[in-house]
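One structure is given below, encoded as structure tokens.
We did not get these values from a lab; they are worked out from the coordinates using the rules stated. Please read these numbers as outputs of a predicted model, since none were measured by experiment. Reconstructed Cβ throughout: ideal geometry from the backbone, glycine too, with neighbour counts over all protein chains shown.
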């Protein structure tokens, strides 16, 4: 409680108020090019995901009916007729176009974290 009282006393004068308001202000050191720069740096890191051969070795199927029970946990869309589904060893299913990029970065299921190896 003493800390709050001391903070209140420090802020009660004009100079203290200015110092306190500076605490809550921050400078944004990012610009619109930072995402691209960070992404490029990430491209130079060694891959820690599954290889293309490992990914392509996982079974896939094409949705044939409208009664697909679970949504893709990555895009949250329910697969529809004609969509290609990738099946992981843990039995979770995802759109192929959603899970393949994930697996290039990670070797685990995004839902249960089971290894795909």
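Our estimate of slack between residue 70 and residue 33, defined as 0.36 nm per intervening residue step minus the Cα-Cα distance, is 9.6 nm. Taking packing as the residue-averaged number of other Cβ atoms within 10 angstrom, the listed peptides 90-99, 107-116, 61-70, 75-84 run from highest to lowest as 90-99, 107-116, 75-84, 61-70. In this simple spin-label model, placing a label point 7 Å from the Cα along the Cα-to-Cβ direction at both residue 106 and residue 83 gives a separation of 1.9 nm.
Treating r as the C-beta distance of residue 114 and residue 9 and R0 as 41 Å, the FRET efficiency rounds to 0.15.
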